[in-house]
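A quick write-up on the structure given underneath.
The values are calculated or read from the model by the stated rules, or taken from the named source; none is laboratory data. Since this is a predicted model, take the numbers as computed values, not measurements. Positions of Cβ are backbone-derived with ideal geometry, glycine not excepted, and every protein chain shown enters the neighbour counts. For accessibility, only protein heavy atoms count, side chains too; no ligands or nucleic acids. Shrake-Rupley method; radii C 1.70, N 1.55, O 1.52, S 1.80 Å.
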Amino acid sequence: MKAFSGEGYRRTFVYFIIMILGAVYGLRLFQLQIVQHSEYDEKSAENSVKPIEDIPLRGVFYDRNMKLLVENTPTYTIRIVPAEYDTTKNSLLEQICGVPEGTVRSLLQKNKQFSRFVPLKVKRGVDFKAVGWVEENSSQLPGVSYIIEMQRGYLDSVMASHVYGYTKEISPKQLEDDDYYAPGDLIGYNGIERKYEQVLRGVKGYKYVVVDARRREVHNFKQLKNIPSVKGEDLVLGFDANAQKTAEKELRGKIGAVVAIEPSTGEIIAMASSPTYDLNEFSYFTPKEYIQQLYTDPAKPLFNRATMAAHPPGSTFKVLCAMTALEEGVINESTTLHCGGSFTFGRSFKCHGAHGAINVVSAIEHSCNVFFYQLIFKIGLDRLKTYAEKFGLGKKTGIDIMEEARGLIPSTQYYEKIYGKNWPQGILVSLGIGQGEVSLTPLQLASYCGLIANNGKSYKPHVVKGYLDEKKQYHPFPFEPINTGISQKTFDIVKRGMFLVVNGGGTATNIKRSDIMFAGKTGTAQNPHGKDHSIFMGFAPFDNPKIAVAVLVENAGFGATWAAPIAQKVMLAYLLKGQPVQGVTVANPAPNQED
Amino acid sequence: MSRVNYRFQDKFDLPTFLIATALTFLGLLAIYSATRSTVAEHSNYIKQAISWGVAFVIFVVVVALPIRWLRVVAWPSYALTLIGLVLVLFIGKVTGGQKCWIHLGPLSVQPSEFAKFSTVLVLATFLSRHQTDIDNMKDISVTLLLGMLPVGLIMLEPDLGSSFVFFGILLAMLYWRGVSSFGLFFVLSPGVVAISALFGTTYLIIVLVLSAVLLIFFRKDIFLSGSIFAVNLSAGFFVDNVYNILSPHQKKRIATFVDPDSDPLGAGYNSLQARIAIGSGGFWGKGFLSGNQTQLHFIPAQWTDFIFCVIGEEFGFIGSSVVVVLYIVMFIRILKVALMVKDEFYSLVIIGILSIYVGHFIINLGMAIGLLPVIGIPLPFVSYGGTSLILNMLMLAVVLNIYRSLRDFS
């Protein structure tokens, strides 16, 4: 044998190399599997377990008779999974979905960097025919599927757009404020949807799924229990579907608002503003053109006139003046003032006629201006303001839908600020008959009328009265009581005047009926920008008021002509529970053309 | 020479065989775990078991063969594999950007796997010749040529991992044959220069300067030193061209190794997922069939090159340590055989085979545990792959044949 040249140390060196190799790899394994184990374990879990949000059903709305007003209805969305989808079907799919050519291509292009197993939405809100087609032809459309998502569904006849409001995709700022939400979530944007968001949204659930390296869902993750979502609470509104329907119908084509309130509880029975907008357009995905159209419309459909339009209350304000004077002992029931047809204070202020010696009841009945011109000077501005405040006028009512105007009850300071220290007292003349700077919203007017009807006691006006729990058990929300502290005697006097407005020789005899006793007061808001606004407030039945209504019709002239008949129809719809109105309005067909 | 006294273990190195069998069995478990929920590969463990059956028959035959056949087949097998390597470039099937398979009817073979073994035989034959002078530059150059010829062809496939293994074979066999430090430098320096070039010009210049200093230190003939430096220089600049031959995914892998953060979701992704799999296994492992990295296919093709991740994740530190220890024990036992055998040819063959095993082990495991770049190469006995398993068993049979036949000389 030939001895080979490898020397002894060389062999030992090979041996060492192998041992060192084993040691290095062993130490590395120790580092990975023991030292850094928890770090890699976490990464491994993050890799494969994905929580999927389970969006709960939003609470629905019921009216006071448990009639469903707003519900959740399914909408169909067509989706494709890029990994399985056959791109030669693009034009076919586009045709089915009714989207422009190239939509699918650009959708795929845009999402190229994401996993090819994450479904992409081609079109939301497709009709059922398209879904059926996809279902039938699924073998020829690999990777095409549809999902059902929930959107708001509304009654055909009732669409209190301004009251219900709508939901919208959450904004980045809102996302920052509340970590409950995730990007893409829908959140109440206005109206009840916004105010009661916390109640309506329910509680999100989570489903834990294991996904593979391509983010494809493999199976449920058993180690973590799924957290089921909790459905949102259903709300019960004070609304009466019949009254609301009538209010919306009567306002159609006009500019104005109707607010009906239950005098004893402050529950809003109806609230409508016209022109309005179609909530269905907002139920899932709103077309830009529609929004643009709403914003540019000069009649401002998005503006809720019921709570935002503050106009002079006109003669409806006279009732407040009367109550102030009676309570303060300035006059009593039998005190008469003289009306000669006009009143002179610096200049001449006209009345509708010469009423002669007239007491407070008749002054309300006939809406005698001269009586109240004189009365306001006897009361004084400060006392009037005190009583206005007792009725919540000049400040927000605090109703449970978000947007509301405060209106204005002028004070001494207010006039001093506008006209200087020596402001002309003549301004008070107009104030006495509800003209000039004073302004009320239809909601304030309804609330004020409701308080009169219920003799000064009620609750803060509210649209939602309570909610239903999971067991459909009704729970009322608490509301702040209101007490004006005004004497029953005073209410009896002014209410008699309001009764005669309809049933005597007053200004709204056109709505008089034999079956139901209405009471009310007409008003005309002087409008320096155009035709006067027609106003009416009233309640019924007279002996036991169940409903009080305020109606504003802009640019329509006298209160009796337009506003009073609308108020009557709304009250009838409510009191007769939507039954067709029997008999006719026994009326003086031509009431006095006064306000 | 009486044979009467010999016991079974003197004729057959049972522990080494058992280690290889244990590794194969662990491999089968891991292959089953990694493929059971796949569509195309779920029966791979059966195929692997069949391959092992074939390999075992070959193993028994080769162990029993008379020892002299090795010298006889050396040159012809070398010639055959060269032909195979040329053929694969023309009729080979492209898999994962590489052309390394030849289909012969129902069989697919990888000539590059056989090339390693036949190159070992040829190098052993050449280096053990009487007239070969290991300190003669001409003989070293012939050795290099014999060793690098298959590498040149394999780089065209391209198969980076196998090329590294050839480099290791050459180095180990020259070293074992007793090459001088200068000879070693002559062999090593172009490779070191080439690798440094991958890391950028600064590294290249530093290594070139270093090699120049060493050349001066060796005090060899100025002409020889000059030409070696020239070879180094051209190796450094040639690396760009070699780099261009590499497929894009291999380039990316090298780039990721040079700068691990360069592509966290691309080539670095596999490396990271492999580390997550092994690291999350912890001490005891997640249990057989319970590794989510494995079961959810976070690591591509892990029944082949990333098979160690399955063991690391499902059997934990215990399981992976056992694998490492099994290999180290096997290597030491093979090394001992090489030391026992007094015939230089057979000793060199064993060292060559050992270097193949060790080379695969270093590259494959180093890749899985994030110490080396992601280079596709199977883990001997464990990874799925018929050619590889049969060849590994064949080489083990050669080692044990030499053990059986030549223990007499110890």
Notebook entry, point to check: Using a basic spin-label model with each label point 7 Å from the Cα along Cα→Cβ, how many nm lie between residue A:473 and residue B:206?
Noted result: 7.7 nm
Next item on the list: Return a whole-number percent for the relative contact order of chain A, with Cα pairs under 8 Å and 6 or more residues apart as the contact set.
Entry: 14 percent
Next item on the list: Any chance you could give the angle, 0 to 90 degrees and rounded to 10, that helix A:559-575 forms with the longest Cα principal axis of chain A?
Entry: 60 degrees
Notebook entry, point to check: Hey, with R₀ at 51 Å, roughly what FRET efficiency would residue B:322 and residue B:243 work out to, going by the Cβ-Cβ distance, to 0.05?
Noted result: 0.85
Note to self: Roughly how far apart, in whole Å, are the Cα centres of the stretch B:312-369 and the stretch A:429-487?
What the structure shows: 90 Å
Margin query: Using a Förster radius of 30 Å, what is the FRET efficiency between residue B:103 and residue B:61 based on their Cβ-Cβ separation? Nearest 0.05, please.
Written below: 0.75
Next item on the list: Check every DSSP H run in chain B and write down those whose alpha carbon atoms cover 27 angstrom or more along the long axis and whose mean Kyte-Doolittle hydropathy is 0.0 or greater.
Entry: B:14-35, B:44-64, B:69-91, B:222-245, B:307-340, B:344-368, B:386-406
Item checked: Length added when fully stretched, residue A:492-residue A:249, from 0.36 nm per residue minus Cα-Cα -> 84.1 nm
Check: How much accessible surface does residue A:149 have with a 1.4 Å probe, in Å² rounded to 10?
Finding: 40 Å²
Next item on the list: Summarise the partner chain shielding of B:307-316 as one whole number: the mean count of Cβ atoms from other chains within 10 Å of each residue's Cβ.
Entry: 1
Item checked: Highest-fluctuation residue, B:197, B:230, B:124 considered, GNM on chain B with Cα pairs under 10 Å -> B:230
Item checked: Ranked packing of A:273-280, A:253-260, most packed first, by mean Cβ within 10 Å -> A:253-260, A:273-280
Checklist line | Point-charge dipole on Cβ atoms (K/R +1, D/E -1) for the stretch A:74-153, about Cα centre, debye to 20 | finding: 360 debye
Notebook entry, point to check: Other chains' Cβ within 10 Å of B:278-286 residues: what's the mean?
Noted result: 6
Notebook entry, point to check: Among A:109, A:99, A:344, which residue has its Cα positioned farthest towards the positive end of the charge dipole of chain A, with +1 placed on the Cβ of Lys and Arg, -1 on the Cβ of Asp and Glu, and the dipole taken about the Cα centre?
Noted result: A:109
Next item on the list: Determine how large the accessible area of residue B:113 is when every protein chain is in place; take a 1.4 Å probe and give Å² rounded to the nearest 10.
Entry: 10 Å²
Notebook entry, point to check: So how much slack lies between residue A:139 and residue A:155, counting 0.36 nm per residue of separation and subtracting their Cα-Cα distance, in nm?
Noted result: 2.0 nm
Next item on the list: Towards the positive end of the charge dipole of the stretch B:112-210, with charges on Cβ (+1 Lys, Arg; -1 Asp, Glu), say which of B:123, B:148, B:180 has the farthest Cα.
Entry: B:180
Notebook entry, point to check: With r defined as the distance between the Cβ atoms of residue B:90 and residue A:53 and R0 fixed at 60 Å, what FRET efficiency is calculated, to the nearest 0.05?
Noted result: 0.60
Check: Helix A:37-48 sits at what angle to the longest principal axis of chain A, using alpha carbons and giving 0 to 90 degrees rounded to 10?
Finding: 60 degrees
Next item on the list: Note down the nm distance, to one decimal, between modelled labels 7 Å out along Cα→Cβ at residue A:425 and at residue B:227.
Entry: 12.9 nm
Item checked: Relative contact order of chain B, pairs being alpha-carbon contacts under 8 Å that are 6 or more residues apart, as % -> 26 percent
Checklist line | Heavy atoms of residue B:228: accessible area, 1.4 Å probe, square angstrom to 10 | finding: 10 Å²
Next item on the list: Work out the mean other chain Cβ neighbour count within 10 Å for the residues of A:40-53 and drop it here as an integer.
Entry: 4
Item checked: chymotrypsin sites (Phe, Trp or Tyr not before Pro) restricted to DSSP loop in the stretch B:1-60 with at most 12 other C-beta within 10 Å -> B:6
Check: What ranking of B:233, A:21 comes out by heavy-atom accessible area, probe 1.4 Å, highest first?
Finding: B:233, A:21
Next item on the list: Evaluate the distance, in nm, between pseudo-label points positioned 7 Å from the Cα of residue B:43 and of residue B:68 along their respective Cα→Cβ axes.
Entry: 4.6 nm
Margin query: Whole angstrom only: what separates the Cα centroid of the stretch A:49-64 from the Cα centroid of the stretch A:501-578?
Written below: 42 Å
